[in-house]
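For reference, the structure is listed below as structure tokens.
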Amino acid sequence: MRALKWSARIAVGLVLVLWFVWTVGTVYYSNLSSERLRAALAAGYVLLAVLLFARVRPLRRGFALAFGVSLVIALVYWLVPASNARTWLPDVAVAPTIGIDGGHVTVHGVRNFRYRSESDFDAHWEDRSYDLAQLRGVDLVMSYWGPTDYCHTFVSFGFANGDQLAVSVETRKEVGEEYSMFGGLFKRYELVYVFGDERDLIGVRARLRGEHVYLYHVRAGPQRLRELFLSYAEFANGLAREPQFYGVLRNSCGINILNRVAETGEMALVGRDALLNGTWDRYLYEHGAIDTSLPFEVLREKSLIDARAQEAGDAPDFSRRIRAGLPGPPR
């Protein structure tokens, strides 16, 4: 019985420690622009909690006061709203909107930057129109910056006339802000859907960042393709009206793809598999959603488009050139 009581106390203690660590994180990774201010507030909160534990007696009163402070911080955290009105970095400065008129759509705010380097570019935001009756396919793009179980995933819609429209779900960072995985666990960044030219969204990763980029043709019927495109369009319109925060575990690039797919009638992955988006190509292969005429490792090798993207540069036929020789039926 005594061992059971001690086990329960240890479990409760661990939960409380995790709770306080989380509340410290909500302060340090808040969306306040000044890093020094965030660090000072987080340090002040920790110091206050330590003083309450150390100086207030009986101990349960000090604990109650510290826990009360943590609840106030948690409440403030949950009440902090996302915003579309910040000083954004140029590459996420525009929140796209999509006009839908039957089978015709006009995307306002298509990103089509021309890069000399990641920090030296010509910014172009364009309006582009598409006929959904000409929608012919969707590709999954997987871009690895380091780890193999995780990557940046996004999709690209293809049309009968050869046009491609890529859609990448990204953190909407402010000027002077850099991405942090830990920050992505909290309300540090807003979420943005970037509709863009492939020379931009794929080119910047394969040519300038040195990421390993794979492209797979995904099997999907015409009706499902249309529903998927409209799901992306309607969600992007919703973000323009009511912004949301990015979240590594709940509102990331991969989770958004799965949510959009689910809206067409099927949830492809859940739980741990949903988070390990660096392994999605194998999952799709095992379920026949991408080309299976080759062994998986051969398919993966042939789907690597780094060299082709580097050779294509800013060529007008960039999309055709990166797909030349890719496994799967031509479009």
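Quickly run through the stretch 159-169 and pick out the residues that are surrounded by 21 or more Cβ atoms within 10 Å (Cβ to Cβ) and in contact (Cβ under 8 Å) with a residue 60 or more places away in the chain.
164, 167, 168, 169
Within the stretch 234-262, restricting attention to residues that are under 17 Å from residue 153 (Cβ atoms) and in a loop (DSSP other than H, G, I, E, B), which residue is nearest to the chain's Cα centre (by Cα)?
252
Table: residues versus (1) surrounded by fewer than 15 Cβ atoms within 10 Å (Cβ to Cβ); (2) outside the structural domain of residue 221 (by TED's automatic domain parsing); (3) polar (S, T, N, Q).
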residue: 243; (1), (2), (3): no, no, no
residue: 250; (1), (2), (3): yes, no, no
residue: 254; (1), (2), (3): no, no, no
residue: 262; (1), (2), (3): yes, no, no
residue: 288; (1), (2), (3): yes, no, no
residue: 299; (1), (2), (3): no, no, no
residue: 303; (1), (2), (3): no, no, yes
residue: 306; (1), (2), (3): no, no, no
residue: 309; (1), (2), (3): no, no, no
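Give the residues of the stretch 230-248 that are farther than 15 Å from residue 194 by Cβ and in contact with a helix residue (DSSP H, G or I) (Cβ under 7 Å, 6 or more places away or on another chain), sorted by residue number.
Scanning the stretch 230-248 gives 231, 247, 248.
Could you go through the stretch 46-61 and let me know if any residue there is loosely packed, with under 13 Cβ neighbours inside 10 Å, small (Gly, Ala, Ser) and modelled with pLDDT of 95 or more.
no
Is the stretch 57-77 home to any residue that is over 19 Å from residue 25 (Cβ atoms) and outside any helix (DSSP H, G or I)?
yes
When you look at residue 25, is it assigned to a helix (DSSP H, G or I) and over 27 Å from the mean Cα position of the chain (by Cα), yes or no?
No; evaluated as a whole, the condition is false for this residue.
Can you tell me which of (1) more than 26 Å from the chain's Cα centre (by Cα); (2) exposed (fewer than 12 other Cβ atoms within 10 Å of the Cβ); (3) at pLDDT 95 or above is the one residue 75 doesn't meet?
(1)
Here are some conditions: (1) of a type outside the set (Ser, Thr, Tyr); (2) part of a loop (DSSP other than H, G, I, E, B); (3) surrounded by fewer than 23 Cβ atoms within 10 Å (Cβ to Cβ). Residue 225 meets all but one. Which one does it not meet?
Tallying (1) of a type outside the set (Ser, Thr, Tyr); (2) part of a loop (DSSP other than H, G, I, E, B); (3) surrounded by fewer than 23 Cβ atoms within 10 Å (Cβ to Cβ), residue 225 fails exactly one: (2).
If we keep just the residues of the stretch 105-157 that are of a type in the set (S, T, N, Q) and closer than 22 Å to residue 255 by Cα, which is modelled with the lowest pLDDT?
148
The values are calculated or read from the model by the stated rules, or taken from the named source; none is laboratory data. This structure is a prediction, so every number in the text was calculated from the model and none was measured. Positions of Cβ are generated from backbone atoms using ideal geometry, with glycine treated the same way; all protein chains shown enter the neighbour counts.
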